[in-house]
1. Can we say A586 is open to solvent by 70 Å² or more (accessible area, probe 1.4 Å) and closer than 29 Å to F415 by Cβ?
2. Would you mind stating whether A526 is without any contact (Cβ under 8 Å) to a residue 40 or more places away in the chain and either assigned by TED's automatic domain parsing to the domain that holds Q467 or within 20 Å of G567 (Cβ to Cβ) (or both)?
3. Scan region 184-192 and give yes if some residue there is at positive phi and either open to solvent by less than 10 Å² (accessible area, probe 1.4 Å) or not acidic (D, E) (or both), otherwise no.
4. Could you tell me whether L449 is crowded, with 24+ Cβ neighbours inside 10 Å and in contact (Cβ under 8 Å) with a residue 24 or more places away in the chain?
5. So for region 266-285 (the condition being hydrophobic (A, V, I, L, M, F, W, C) and either in contact (Cβ under 8 Å) with a residue 60 or more places away in the chain or surrounded by fewer than 16 Cβ atoms within 10 Å (Cβ to Cβ) (or both)), does at least one residue qualify?
6. List pairs: first in region 299-313 and farther than 20 Å from T71 by Cα and outside the structural domain of L493 (by TED's automatic domain parsing), second at pLDDT 90 or above and open to solvent by 90 Å² or more (accessible area, probe 1.4 Å), Cβ under 8 Å, 6+ apart or cross-chain?
7. With respect to A183, is the statement that it is in contact with a Phe, Trp or Tyr (Cβ under 7 Å, 6 or more places away or on another chain) and in contact (Cβ under 8 Å) with a residue 40 or more places away in the chain true?
8. Mind listing whichever residues of region 15-55 are charged (D, E, K, R) and assigned to a loop (DSSP other than H, G, I, E, B)?
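The values are calculated or read from the model by the stated rules, or taken from the named source; none is laboratory data. Just so we're clear, the structure is a prediction, and the values are computed from it rather than from any experiment. In this analysis, Cβ positions are derived from the backbone assuming ideal geometry, glycine residues included, and neighbour counts consider all displayed protein chains. The accessibility values were calculated without ligands, DNA or RNA, using every heavy atom of the protein model including side chains. Shrake-Rupley method; radii C 1.70, N 1.55, O 1.52, S 1.80 Å.
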Amino acid sequence: MASKYAGYMGRVVMYNLSNGEVTEYPWSDKERELFIGGKTMASKIMADNFTGNEKPFSEENLIIISTGPLTGTGAPSSSRFNISTLSPQTGITTSSNCGGRFGYYLKKAGIDALILKGKCSEHSWLEINNGEFTLHNADDLWGMKTGAAQEALKEKHKLANGKAMKFADVVIGPAGENLVLCASVISDERVSGRGGVGAVFGWKNLKAITVRGTKTVSVADQEKTTAWCQKWFTYLREHPLTGNQLPRLGTAALVSQMQMRGLLSTKNYNYGKFDDFDDVNGETLAEDYNIVNKGCLTCPIKCARTVKVEGKDVKGPELETLGLLGGGILNNDMQKILDWNYEIDELGMDTISASSTLAWAMEANEKGLWNNGLEFGKIDNISQTFEDIAYRRGIGNELAEGSKRLSEKYGGKEFAIHSKGMELAAYEPRRAVGQGLGYAIANRGGCHLNGGYLVIVEGLGLYTDSQTPNAKADFAMMFQDLMETISASGQCLFTSYAFFPAPLITKPNSFITTACNKAIPHIAWALRFINRCSPALAIHLPVFHHTKMFKYALGMPMTFGKYLRTGERSYNLERYVNTKFGVSAAMDTLPTRLTDVPQDPDDPTTKVPLDELKKRYYKARGWDSNGIPTAHTLKKLGLGDLK
């Protein structure tokens, strides 16, 4: 359906993999205003189509690949796309965000979002050319690792003269084909990793999707859009986080900071510090292994590392991979981490869940619960283990099920580090209790980003009291809501790092920064007022360039308050869908290692006071005591007519 707003292509398509039927899915400008795009758009589509009886591995499950309206407009870091589906890992919805070129090319094909239902009758790959769909047999691709599959697709897209067509693709590897619950989807070297979206592709017999097109993304005011983008790019390049730390060291920069603060998960979250962290930190990666920095389309940050593996220049590991395959399993061999990171991507798995499950298995072996041959500090069998997981061979067949299911079978639930079935990232939350709250209440399971990423004010940006529960619930809500709208618009969450004024980062010991850190636990009342009355904030913040981009590029009025409220709507909508599948307060949990056992035996505050934090969070959100959005809250957000 055509739109009065620029940035949108005006077409949402449902494609039935079972019979090839193409249906135009109605999507109005009112829905564009309320739900923007990306994961929020996907949540609305799931709300309209899911009853709560669907299973992840079923023809009724949908795969929704959605773009944001800023993708293709030239906005900084705006090449993201989203894949949403029911997760085989958690049984509830998951949204997995990815960079690269696929979202941009989907819009060039004239499509804002692609909805897949049904199941291919044979191994298949889907070709989209300017909005036209062709389903091909993929027997020759089936079994290929992700790199080989993408190379084979390039051959299939060569012109008669041998020149390559311009296109983008998403593919799965052996892990997705074999229904490994943490299987991912790969696009170039970028990964849509969390929640097992690759396994849903595999169950539906869908090996890959390719897309190309010749359409152009319009903007409302080209002159103002260009000028604002230039100003925004400059701001990001001059900010200490997005212009220095991330370009210089990538997310790996956080390893040393986490070590210093007791935040670096070590030996399956037994500890918060790793003695050999210097061997696997960002400085070592940059000085001894990094070849060149890379970034996604329109990204000035360029946080990706390039390293050498098997004689090839490939994407290097992010912070979570370094942490979980370093201190997480007591390994100090950086080259091994580089190798494993590449191998896991080639197999098509999420490094976070695969690594954390491996650590659980090592501890289960150590405690005599499961004799599996895996040991902390023993690394000679790790590559084979990851391959065994992807092909479900030997113990790999069980590891493919994840730590939650393994702990239910063998015991050791107290050290199965997950929430709702999704393993946690590398941030140890007993030294950042707001981050612990985020893991527990994140809509897709144990996610550091969907949980609000409060660790950035608890030691990785600002240095507020990391153990107090005060103000953490209200900060979690605000940060979640901001990041929801950033994701929905098609932008990278790293653009939100520049939300913090630079002096707070560059001058940590100044009077203003010290006062700010001390004040944060005492401003819950102010945050609560902002969150509840956000539409009244009809302002643009100088440190938050996102709102004016909506006006200039899309022609859609947007203030900071409306931006917050849009994110609040998104978060509540996703929670509402999950309640259909049984999500409530009882599922907002963490393992008892994190809630009952202090990280420091001499400091009883070094654990996550989750029950207290949840009560405060539900009240801040306007949810009932069972963690369910109330009818009043849904109506306030324009969601009163949900099915």
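1. Yes.
2. Taking the combined requirement at face value, the residue satisfies it.
3. Within region 184-192 (the criterion being at positive phi and either open to solvent by less than 10 Å² (accessible area, probe 1.4 Å) or not acidic (D, E) (or both)), the answer is no, since none of the residues qualifies.
4. It is false that L449 is crowded, with 24+ Cβ neighbours inside 10 Å and in contact (Cβ under 8 Å) with a residue 24 or more places away in the chain.
5. No: region 266-285 contains no residue that is hydrophobic (A, V, I, L, M, F, W, C) and either in contact (Cβ under 8 Å) with a residue 60 or more places away in the chain or surrounded by fewer than 16 Cβ atoms within 10 Å (Cβ to Cβ) (or both).
6. Sorted first by the residue in region 299-313, then by its partner, the list stays empty.
7. Against the criterion (in contact with a Phe, Trp or Tyr (Cβ under 7 Å, 6 or more places away or on another chain) and in contact (Cβ under 8 Å) with a residue 40 or more places away in the chain), A183 does not qualify.
8. E21, E54, K55
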